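**Student:** Just passing along the structure, written as structure tokens.
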Amino acid sequence: SASLGQKAVESSLSLSLDAIRREETIAWEALRLLGWMGPGNITKVLLRSLLRVKKMRQKIEEEEESIKQQQQQTEKEEEALKCSHHGAAIIYSKLKSWSGGFGSSIAVLSFLGYLTVSNNNRRRQIMSTSFGGMISSMMNHNFNSGTMIAIAAAGGAAAATTVLSFVFATTRDRNTNSADIINEISPTSASLYKKKLDGNSGSRQSLKLSSSSSLTTLSKRFSSTSALSPTSFSADEYEQTDLIWNILKSFSLLTVKEGKGYMHRLLGQALRSSQNENDGHRNLEICINTVSRVWCFKPENVGTWQDSIDVLEHVKAVVSYSYGHHNKMALETSVLSREAGVFSAMALNRFEEAQFSLELSLKILDGVVTAGGGAKSKGAALEDEEHRHARAEALHELGRVFRYQGRLGASEEALLGALNVLE
């Protein structure tokens, strides 16, 4: 039975995959990608394109990870800043309770000194562990006022950072409001403190917006379907493709006839089954992006039709695998399915195949989850607009295919549906 045959293939494949992975990792990765493509018409150009897009995807993922780490670091610094400002305020309240005006003077100067260096990355290097002893000594000796102020000023910078250690070692009181205490010290200091916090908050908010924009840009960069020029490949990419090609042939995983490779359907099914959900989604998106770049069909340019025939099988494959998978390239996949339907009808006169591809294009759009309710962002609104146009075009082409089949009632319904979408 098919089930027993598949299990036998999976068992044999497991051994081959392990051997290939040990011999050449890139060949193992390429084979996993080919599992999501059509079983026939596998060419070296297609393989080079897959490897190029995979490399692009890997670079974008690394950049995304770097941005996310930067966001996490920013959040940690923000929390640390809040804790440090709060801690300094607690110190002021503790020092203020000491007898005499000297303790209050030390508190004021220490706190203002802290505010001065609170954003200095080297503040930990200027901490003075003798600050506590210095204060105790002052409290037990009779210095004149000038001496006390001079000593207090000299200790202010060191006190600024020592404050933090003192806070977390002596108290966890969270009820002290640092802003209120600064206002008590000096209205001018309170104003400076507010500007400091507002400035830091603004910088962090700008960084967050910038990071979010960068992630969106990276996503759009990968979703781009600009064509890959054959002349853009390097000598190393040609050499790498030849190496993979020979390895797959040597393991009898790829049968080559007249420069085109063929893979057994059960092998492709076993390759897809061997991948976990995350790897499957990632590899499928790489294949969709690759096919979008090598698919060159233009209805008005007959010269593109012959090359499109060789890619049509791969277009249908990635579209069929995509349906039912929640991937980030639903719109691109829907467009591919629509164009495959137009090609089948216009170049091959296969109207039933065209109908299937066009209806599948609409089903993929139906599966796209959009944000419901409330005001939509500019990006979400633009995406909705693109989806509406894609749906209208698919319905319009489906109406034409129904007309070619003589199904005038179904054709009218599809065309009216296209008009309703655009209203």
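**Student:** Tell me which residues, restricted to the stretch 224-237, are at pLDDT 90 or above and surrounded by 12 or more Cβ atoms within 10 Å (Cβ to Cβ).
**Tutor:** Glu237
**Student:** What pairs come out if I take residues in the stretch 55-80 that are within 18 Å of Ile26 (Cα to Cα) and pair them with residues that are open to solvent by 100 Å² or more (accessible area, probe 1.4 Å) whose C-beta lies under 9 Å away, six or more apart or interchain?
**Tutor:** Met56/Arg221
**Student:** Pull out all pairs, ordered by first then second residue, where Cβ-Cβ is under 7 Å, the residues are six or more apart or on different chains, the first lies in the stretch 13-32 and is farther than 11 Å from Leu243 by Cα and among the charged types (D, E, K, R), and the second is open to solvent by less than 30 Å² (accessible area, probe 1.4 Å) and not in a helix (DSSP H, G or I).
**Tutor:** Arg32/Gln275
**Student:** For the stretch 262-287, enumerate the residues that are more than 20 Å from Thr25 (Cβ to Cβ) and touching a strand residue (DSSP E or B) at 6+ places or on another chain (Cβ under 9 Å).
**Tutor:** Tyr262, His264
**Student:** When both residues are 6+ apart or on different chains and their Cβ atoms are under 7 Å apart, which pairs have a first residue that lies in the stretch 248-273 and is under 10 Å from Gly35 (Cα atoms), and a second that is in a helix (DSSP H, G or I) and modelled with pLDDT of 90 or more?
**Tutor:** Met263/Leu34; Leu271/Leu31; Leu271/Arg32; Arg272/Gly280
**Student:** Anything in the stretch 347-372 that is in a helix (DSSP H, G or I), at pLDDT below 95 and surrounded by fewer than 18 Cβ atoms within 10 Å (Cβ to Cβ)? List them, or say none.
**Tutor:** Lys363, Asp366
**Student:** Still on this model: Test Gly303 against the criterion of being at pLDDT 90 or above and open to solvent by less than 50 Å² (accessible area, probe 1.4 Å), and give yes or no.
**Tutor:** Details: at pLDDT 90 or above: yes; open to solvent by less than 50 Å² (accessible area, probe 1.4 Å): no.
For Gly303, the condition - at pLDDT 90 or above and open to solvent by less than 50 Å² (accessible area, probe 1.4 Å) - is not met.
**Student:** On to the next question. May I ask you to list the residues in the stretch 310-341 that are under 11 Å from Ala394 (Cβ atoms), within 25 Å of the chain's Cα centre (by Cα) and open to solvent by less than 10 Å² (accessible area, probe 1.4 Å)?
**Tutor:** Ser334, the sole residue that qualifies.
**Student:** Right, another one. If you scan the stretch 40-77, which residues turn out to be among the polar types (S, T, N, Q), out of contact with any helix residue (DSSP H, G or I) (no Cβ under 9 Å at 6 or more places or on another chain) and modelled with pLDDT of 90 or more? Full working, then the answer.
**Tutor:** Residues of the stretch 40-77 that are among the polar types (S, T, N, Q), as a first pass: 41, 43, 49, 58, 66, 69-74.
Subset that is out of contact with any helix residue (DSSP H, G or I) (no Cβ under 9 Å at 6 or more places or on another chain): 58, 66, 69, 72-73.
Correct list: Gln58 only.
**Student:** Scanning the stretch 259-279 for residues that are outside any helix (DSSP H, G or I) and open to solvent by 70 Å² or more (accessible area, probe 1.4 Å), which turns out nearest to Leu13 (Cα to Cα)?
**Tutor:** Looking only at the stretch 259-279, we keep the residues that are outside any helix (DSSP H, G or I), and these are 259-264, 274-276.
Right, trim to open to solvent by 70 Å² or more (accessible area, probe 1.4 Å) and you get 262, 264, 276.
Numbers: Tyr262: 16, His264: 12, Asn276: 16 Å.
Once the filter is applied, the top-ranked residue is His264.
**Student:** Looking at (1) among the basic types (Lys, Arg); (2) modelled with pLDDT under 95; (3) part of a helix (DSSP H, G or I), can you tell me which one Arg338 breaks?
**Tutor:** Every condition holds for Arg338 apart from (2).
The values are calculated or read from the model by the stated rules, or taken from the named source; none is laboratory data. It should be emphasised that the depicted structure is a prediction, and the values quoted were computed from it without experimental measurement. So basically every Cβ, Gly included, is an ideal-geometry build from the backbone, and we count neighbours across all protein chains shown. Only protein heavy atoms, including side chains, enter the accessible area calculation; ligands, DNA and RNA are left aside. Shrake-Rupley method; radii C 1.70, N 1.55, O 1.52, S 1.80 Å.
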